[in-house]
Every structure is written in structure tokens, then in C-alpha cells.
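Read the structure below first, then the notes.
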Amino acid sequence: MYGYLWGALPGPRPVKALLAIVLVVAVVLLLMEVVFPWVSEHMPYSDVTV
């Protein structure tokens, strides 16, 4: 799978490395800002009061 992704990225090796880093950062940012907050609202432990 990683070989396919590496081959699908355009450019020479440094450009591919930079694009791979940018893609990983974008996926992590998307998860942290959109997906995880949405999921945490639907988890049963979010209704706990102290």
C-alpha cells in the first residue's frame, strides 16, 4: 500500500517526501479538528457529571 502511494505521488524523491509529510499533517489536522470532536459527542462517557 505504501509503495502504491509513493508511486502515485508526482515528482522526484524530495518532492514526494514533502508531499507525504503535508498529506500526513493534513490527515492528522482533519482528525483532530473534525472527526474526533464529532465522535466524542456520540460517546457514552461524555454525559458524566462530577
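The values are calculated or read from the model by the stated rules, or taken from the named source; none is laboratory data. Keep in mind the model is a prediction, meaning the values are calculated, not measured. What goes into the accessible areas is simple: the full protein's heavy atoms, side chains included, and nothing from ligands, DNA or RNA. Shrake-Rupley method; radii C 1.70, N 1.55, O 1.52, S 1.80 Å.
Only one of these is open to solvent by 80 Å² or more (accessible area, probe 1.4 Å) and in a helix (DSSP H, G or I): 31, 23, 19. Name it.
Numbers: 31 fails: open to solvent by 80 Å² or more (accessible area, probe 1.4 Å); 19 fails: open to solvent by 80 Å² or more (accessible area, probe 1.4 Å).
Result: 23 is the single residue among 31, 23, 19 that is open to solvent by 80 Å² or more (accessible area, probe 1.4 Å) and in a helix (DSSP H, G or I).
So which residues in region 34-46 are assigned to a helix (DSSP H, G or I) and open to solvent by less than 90 Å² (accessible area, probe 1.4 Å), if there are any at all? 34, 35, 37, 39, 40, 46, listed by residue number.
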